[in-house]
Amino acid sequence: MAPPLQTTPRLRFLDALRGFDMFWIMGADAIGGALGQLRGGALTKVASRQLDHVPWQGYHAYDLIFPLFVFMAGVAVPLSLGKYLESGDKGAALLRVLRRTVLLYVLGLFYYGGLAGSIEHVRLLGVLQRIALCYGAASVLFLYLRPRGLIATLAGLLVGYWLLLRFVPVPGFGPGDFAEGHNLTNWIDAHYLPWRKWDGDHDPEGLLSTLPAIGTCLLGVLAGLYVKTTKRRGATMSLRLVLTGVALVGIGLLWGLEFPVIKKIWTSTFVLVAGGWSLILLGVFHQVIEVMGWRKWAEPFVWIGANPLALYLASNVVDFGALSARFTGGPVAAALNAVWPGLGAVTLAMTGALLCFLLARFLYRRCVFIRL
């Protein structure tokens, strides 16, 4: 008989980083747009630009939000499934992975409208669906491979994806063309991904680009393994995470001279740059919260990070922008704009963010969590 499974204690810095990421998922669009309306200097313009996606090639801070969440899903894998390996119950672990993958994928279909319209309007691949597929694949690999095998798989995914896009010819454009609509990733979506696609005939969460996205999740798995097993705690662990992240960003940018950093097709260089920044943030949050003991500031992010799925779905159902307008719209916004042009829009966006925090606090304090 297998020994009883031990409950893994939640790590506060992981919840805080997950919540920090979710905060931007729920409010960055509004805040970035509001900053764009605010009359100010170069700093305001830079902040507004960084809180928006690059149109195609390049990298802004806002482009980190989604891969950071995929990375954090990977970090959680060794912490949640390691207990099954320790108990020898790999079958139960596989059932858990399968259940969570299917449920998360179905929730993704629901998030994008489900069957509200005709079958042609169903979006088979989206944000939650990508997280589901990446989590499922990375979890199975974790259960059957040792760390060296995970590293080899990660390298194979990144190099293999580059080889496909660099050397496989695309009808009408040839090989090695990374422009939108000209590359192999977009071509496969246009010809083999049915029904609704986000960008016309292709999708940023499409078929082929799911492979390097699994690599992002595997980076998280490796980070989670390090956090779980290393004996070098404290500032040493924080420093190693940060330095590894800096190295990955550097490698990604250098490789990007040949293979551009493009989020919408999740290039291998994008995996390295986004994964590097994710590791840097992981190290910084660990240093500040766990080593230095500065925890109070992170409490609101912990509320969100402990319940990300519920809040993500809530952001689809509840119009926080319209709700915040009931408090700071109309005459309040007009009065603030009279004081400083654009200040009303910023206040409106920040009120929406505050409402998100209040909902997260309400759920956290009442122990209402949605977990698959």
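The values are calculated or read from the model by the stated rules, or taken from the named source; none is laboratory data. A quick note: this is a predicted structure, and the numbers were derived from the prediction, not measured. Using ideal geometry, Cβ is built from the backbone for each residue, glycine included, and neighbour counts are taken over all protein chains shown.
Here is the figure for segment 123-140: residues that are surrounded by 22 or more Cβ atoms within 10 Å (Cβ to Cβ) and of a type in the set (Lys, Arg) total 1. Among the residues making up segment 81-125, those that are within 29 Å of residue 204 (Cα to Cα) and of a type in the set (Ser, Thr, Tyr) are 101, 105, 111, 112, 118. Residues that are at pLDDT 95 or above and either over 19 Å from residue 155 (Cβ atoms) or over 19 Å from the mean Cα position of the chain (by Cα) (or both) are absent from segment 211-223 altogether.
The helices (runs of 4 or more DSSP H) located wholly in segment 249-325 that include 3 or more residues which are farther than 27 Å from residue 369 by Cα and out of contact with any Phe, Trp or Tyr (no Cβ under 8 Å at 6 or more places or on another chain) occupy 268-285. Of the candidates 272, 282, 222, the single residue that is closer than 19 Å to residue 23 by Cα, touching a helix residue (DSSP H, G or I) at 6+ places or on another chain (Cβ under 8 Å) and in contact (Cβ under 8 Å) with a residue 60 or more places away in the chain is 282. Annotation for segment 41-55: no member residue is in contact (Cβ under 8 Å) with a residue 12 or more places away in the chain, of a type in the set (Asp, Glu) and outside any loop (DSSP other than H, G, I, E, B). Selection over segment 33-77 of residues that are of a type outside the set (Gly, Ala, Ser), buried (at least 16 other Cβ atoms within 10 Å of the Cβ) and closer than 23 Å to residue 338 by Cβ gives a count of 4.
In segment 5-27, the residues that are among the hydroxyl-bearing types (Ser, Thr, Tyr) form Cβ pairs under 7 Å with partners that are modelled with pLDDT of 90 or more and not in a loop (DSSP other than H, G, I, E, B), at six or more places apart or across chains, as follows: 8/79; 8/80. Restricting to segment 87-104, name every residue that is part of a helix (DSSP H, G or I), in contact (Cβ under 8 Å) with a residue 40 or more places away in the chain and surrounded by fewer than 16 Cβ atoms within 10 Å (Cβ to Cβ). Result: 87, 90, 99, 103.
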